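Scroll down for the structure; my scribbles are underneath it.
The values are calculated or read from the model by the stated rules, or taken from the named source; none is laboratory data. What you see is a predicted model, and the numbers here were worked out from it, not measured in a lab. A quick note on method: Cβ atoms are made from the backbone with ideal geometry, for glycine too, and the neighbour counts reach across all protein chains shown.
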Amino acid sequence: MKKRVIAIGLDAADYRVMEKWMDQGHLKNLSQLRSEGAYGHLTNTVTYCDQVRETSITERLWANTWTGCTSNKTGYWGIEKFYPETYDMSLDIRGAYDFKEYPPFYGLMEDRRVILFDLLSASLYDKVNGLQVLGWGGHFPATDNCSSPPELLPEIIQKYGEHPVFYKDAGFWWDKEYEEWVEKGIKDAVATRSEIIRDLMKRQDWDLFLTTFGETHSAGHNFWYLSQSDHPLYDHFRSDNDPAKDPMLACYEAVDQAVGEILAEAPEDAYVFVYAVHGIAANNTDLFSLVFLPELLYRFSFPGKVALAPGKSGDAPPPIITDASLPWPVEILKTTTMANPTLMQRLVKKLVPGLFSRLWPEPQLTDMSKLEGSSANLNWMPGMWYRSAWPQMKAFALPAFSDGHIRINLEGREKDGIVKHSEYDALCEEITQFLYRVKDARTGEPIVDEVVRTRRSPADNDPKLPDSDLVVLWKPGISDVVDSPDCGRIGPVVYDRTGGHYLSRGFLMAKGPGITPGSSIPDGQAVDIAPTIMKLMDVEIPSHFDGKPISLVKAESYIGV
């Protein structure tokens, strides 16, 4: 008898938050599922030069989930791409892994019927035996809006409507009208998603049903500061702990209700998976990776010079609370003392209507009118403002959404490379020590946990390596102002998204025949999801998988652990 599995992914649902709310009785359906089955954590790692480090790059982790392979094997590191021959970058918001070299695990089940709805960072795969619907919703899901058969997605949209906040959930915490709108939109999307999933479950017999809720991701980015006390803005905007005033919790409760509705109509004999391959936390990466790191490397390459002018020394002023209707990049410029105030006045007038025109003139920062073409969808990122200076810099920060990424301007690799191969190792070490000395100006604590090399030598040109030569892993915590003993203060600057991705902090809960209720399971990783499902379904696990099946039958209570 064939075994069935329904697997529901909750995008960026951090296990610390989930456990707290389940223990408090807020997420009743998920709490019941946890008590009726096995529960454990997913803690993902990546290997750089034989150094294993924890990581949370969202698109990569979902691709790891579907292929059962790490990025070291697939060469898929995300949706950003650097071009050394032009010093250009591109961001493909639909740049899912193409499955050409390593297929998705659900495409290896020729005799099993499959239904897929709204998987993240996945492409259509022509060997799937069943229905595929991608790109109805989700938080920038890195996939096309498509289906197989082709008419299925248009039919769903005609019947249920479009996702109300799809590609519209990247607003700003200081815009209260937006926050009220996006909370309602997330809840409406969750309710509609529940309807669509229950509809698809009835359309054909299936052995595997895979789906994801992207709304938990959207809620975390937008509402962390109103929900979790570890954000510096929490005390300013939340004077009490009334759950009724917690929009992030309200969105999660809507997801919990939807999960209950779906499982109520799922076959009783099916194995049930609910999981998250990564989590979310107070967002340090938008400021650390997008603002501070590019400026630090600019100052490192040009001693005594600044692009964003230094902040004032002494005690750090309070965080910036803004109520302006300006985009975050303009807020960064408006609230930072700049080297050219006259140009700043002209710049703000041009950027207010949303048209990036000019930034600093050469040779400091890039003329924004040149950031068209492949860079157009990256021009809001402060790291791109330094692009015109990259050919003159020893090393520069590549725009990235999580860890910091540094590219060495290497002679013979970059078009105008200035760093000799013989200088590469020493420069990497110099940059590493330079960054270790940078501190949070509010606490005096270092902001860098570790700087990791991705190449054994400057001659290592394996195309499956990431674009960066150095990866900066940040310490926990969040700050808007930093100090360097080598090049001064940066900030304070206005916070962007209040929730972001730090490390993994995913989870897996599963129930079904043979799984002990109330049991704990050993920690796993995203790459372990595929072989675990395949083992339960008695499907042969490919030898090329990096992941291994997670044991779900260890009879050990998690209560009190």
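Consider residue 121 carefully, then state whether it is over 22 Å from the mean Cα position of the chain (by Cα), in the same structural domain as residue 226 (by TED's automatic domain parsing) and either surrounded by 17 or more Cβ atoms within 10 Å (Cβ to Cβ) or β-branched (Val, Ile, Thr) (or both). No; evaluated as a whole, the condition is false for this residue.
Among the residues of the stretch 95-134, the one identified as of a type in the set (Lys, Arg) and either on the phi > 0 side of the Ramachandran plot or in contact with a Leu (Cβ under 7 Å, 6 or more places away or on another chain) (or both) is 112. Listed by position, the helices (runs of 4 or more DSSP H) contained in the stretch 1-113 that have at least 2 residues being in contact (Cβ under 8 Å) with a residue 12 or more places away in the chain and surrounded by 22 or more Cβ atoms within 10 Å (Cβ to Cβ) are 15-23, 28-36, 58-67. Of all the residues in the stretch 390-430, those that are among the small types (Gly, Ala, Ser), touching a Ser or Thr at 6+ places or on another chain (Cβ under 8 Å) and not in a strand (DSSP E or B) number 2. Condition check: hydrophobic (A, V, I, L, M, F, W, C), under 26 Å from the mean Cα position of the chain (by Cα), outside the structural domain of residue 60 (by TED's automatic domain parsing) and modelled with pLDDT under 95. Does residue 401 satisfy that? So residue 401 fits the description; yes. On the basis of being crowded, with 23+ Cβ neighbours inside 10 Å, over 19 Å from the mean Cα position of the chain (by Cα) and closer than 27 Å to residue 73 by Cβ, does residue 116 make the cut? So residue 116 fits the description; yes. Quick one: in the stretch 184-212, of everything that is under 23 Å from residue 58 (Cα atoms) and among the small types (Gly, Ala, Ser), which residue is surrounded by the most Cβ atoms within 10 Å (Cβ to Cβ)? Within the stretch 184-212, the match that is surrounded by the most Cβ atoms within 10 Å (Cβ to Cβ) is 189. Taking the stretch 58-96 as the search range and keeping residues that are in contact with a Ser or Thr (Cβ under 6 Å, 6 or more places away or on another chain) and aromatic (Phe, Trp, Tyr), which one is farthest from residue 399 (Cα to Cα)? Ranking the qualifying residues of the stretch 58-96, first place goes to 62.
Residues that are among the aliphatic types (A, V, I, L, M) and either free of Cβ contacts under 8 Å to residues at least 40 places away in the same chain or surrounded by fewer than 22 Cβ atoms within 10 Å (Cβ to Cβ) (or both) were ranked within the stretch 124-138; the one that is nearest to residue 216 (Cα to Cα) is 134. Return the pairs, sorted by first residue and then second, in which the second residue is at pLDDT 70 or above and among the hydroxyl-bearing types (Ser, Thr, Tyr), the first residue lies in the stretch 327-339 and is outside any loop (DSSP other than H, G, I, E, B) and surrounded by 19 or more Cβ atoms within 10 Å (Cβ to Cβ), the beta carbons are less than 7 Å apart, and the residues are 6+ apart or on different chains. From the stretch 327-339, the pairs are 331/322.
Could you say which residue among 482, 494, 527 is closer than 30 Å to residue 37 by Cα and either more than 22 Å from the chain's Cα centre (by Cα) or crowded, with 16+ Cβ neighbours inside 10 Å (or both)?
Step by step, each of 482, 494, 527 is checked, and only 527 is closer than 30 Å to residue 37 by Cα and either more than 22 Å from the chain's Cα centre (by Cα) or crowded, with 16+ Cβ neighbours inside 10 Å (or both).
Residue 489 fulfils the conditions (1) touching a helix residue (DSSP H, G or I) at 6+ places or on another chain (Cβ under 9 Å); (2) not assigned by TED's automatic domain parsing to the domain that holds residue 268 except for a single criterion, (1). Among the candidates 387, 407, the residue that is closer than 22 Å to residue 501 by Cβ and not assigned by TED's automatic domain parsing to the domain that holds residue 142 is uniquely 407.
Condition check ((1) at pLDDT 95 or above; (2) in contact with a helix residue (DSSP H, G or I) (Cβ under 6 Å, 6 or more places away or on another chain); (3) among the aliphatic types (A, V, I, L, M)) across all residues:
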position: 388; (1), (2), (3): no, no, no
position: 395; (1), (2), (3): yes, yes, yes
position: 413; (1), (2), (3): yes, no, no
position: 422; (1), (2), (3): yes, no, no
position: 446; (1), (2), (3): yes, no, no
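Looking at the stretch 154-173, is at least one residue buried (at least 22 other Cβ atoms within 10 Å of the Cβ) and out of contact with any helix residue (DSSP H, G or I) (no Cβ under 8 Å at 6 or more places or on another chain)?
Scanning the stretch 154-173 turns up no residue that is buried (at least 22 other Cβ atoms within 10 Å of the Cβ) and out of contact with any helix residue (DSSP H, G or I) (no Cβ under 8 Å at 6 or more places or on another chain).
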